[in-house]
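Working notes for the structure below.
The numbers here are math on the coordinates, done by the rules we state, and not lab data. What you see is a predicted model, and the numbers here were worked out from it, not measured in a lab. Virtual Cβ from ideal backbone geometry, glycine too; neighbours counted across all protein chains shown.
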Amino acid sequence: MFERQLRVKLKVPLEQELQLDPHEHAEHIEKVKKTAWLTTYRTMRGHVDMTNPLGFAMTKDLAYLKGWLADKQLRAAGYGGINEMAVIQSGGLQMLARLGVEATDMPYPNREVVKRYVFEVLLPRLEAP
């Protein structure tokens, strides 16, 4: 995590060797250490059992994983828009299926703005000399 965030901070592509001068980059190194630690801590919070084969630390993480899996299944079946419409309670999918709701029924469809921002703005800046 430290190296990844340091590369972003210093705008060093993955294929290029990361060369650090401890004096010249001291301020960047300290900032990146803190953000790398916070990201790692947040990702692994509460995770004390490293043998956990399911890859989650807390029930909240399990809920995220189940939601992601449900969304993946809905998208594969052509119903990805349903998960973007609202938080669905137990039995809600069956109700929506009876109503025949389609992705075109959404007034504000998912535009994947984060993905577009990363590919159209951030990555070109990182790759620029």
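What the table below lists for this structure:
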{"read-out": "Looking only at the range 10-28, and only at residues there that are under 26 Å from the mean Cα position of the chain (by Cα) and surrounded by 14 or more Cβ atoms within 10 Å (Cβ to Cβ), the one that is farthest from residue 126 (Cα to Cα)", "value": "28"}
{"read-out": "Tabulated pairs, the range 111-126, first within 13 Å of residue 13 (Cα to Cα), second assigned to a helix (DSSP H, G or I), C-beta under 9 angstrom, 6+ apart or interchain", "value": "122/8; 126/7; 126/8"}
{"read-out": "Every pair of residues 6+ apart whose Cβ atoms lie under 7 Å, when the first sits in the range 64-84 and is more than 15 Å from residue 106 (Cα to Cα) while the second is not in a helix (DSSP H, G or I)", "value": "65/56"}
